Amino acid sequence: MSNSMKITAGQTSTRTLADLIRAMDGQRAVTITYVDSKGDETVRTIEIHNVLTTSKGGIVLRAMCRARGEMRTFSVEQIVAYTVHRIRFVLSVPAEKEEIPLAHLARTAQELVELELERDYPEPKLALAA
């Protein structure tokens, strides 16, 4: 994986997500350019620990932010550019104190697809006749 800046508007969301999951799996730091809910653009270096989906189908990253030293949530849709670095994770992850109000937890793209399919097409549960 190269150290060059990738502009998310210039590639598919699948490619962006695959690169970010690969960085998480390899425990590589990622610098993102992120537009927050107020419209402010910030640059953060993060260590991605989880890829989750929201109940509305959005994809978010749970990552340690090196600037804040805390676990933060970043919407993949709001990442406008990113660089995957060769440097490894250095921050310790604190224990989660509150339940994350997100629908699923997936560590790979395959798990994410399986969880989404399970949510959209649940298998019917069989009931035994009395």
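The values are calculated or read from the model by the stated rules, or taken from the named source; none is laboratory data. Just so we're clear, the structure is a prediction, and the values are computed from it rather than from any experiment. A quick note on method: Cβ atoms are made from the backbone with ideal geometry, for glycine too, and the neighbour counts reach across all protein chains shown. What goes into the accessible areas is simple: the full protein's heavy atoms, side chains included, and nothing from ligands, DNA or RNA. Shrake-Rupley method; radii C 1.70, N 1.55, O 1.52, S 1.80 Å.
Largest accessible area first, the residues E77, E114, E41, E47 order themselves as E77, E41, E114, E47 under a 1.4 Å probe with ligands, DNA and RNA left out.
In percent, rounded to a whole number, the relative contact order of region 9-64 is 24, using alpha-carbon pairs under 8 Å and six or more apart. Taking a point 7 Å out from the Cα of A9 in the direction of its Cβ, the residues of region 33-49 whose backbone N falls within less than 19 Å of it are 33-44.
Over region 1-89, the pair-distance histogram of Cα-Cα distances with 10 Å bins from zero comes to 18, 57, 24, 1 percent, rounded to whole numbers.
Residue ranking by accessible heavy-atom surface, 1.4 Å probe, largest first, among R22, R28 comes out as R22, R28. The listed residues R66, R15, R44 rank as R15, R66, R44 when sorted by accessible area, largest first, using a 1.4 Å probe. Among residues other than T45 with Cβ under 12 Å from its Cβ, the summed charge is +4 (Lys and Arg +1, Asp and Glu -1).
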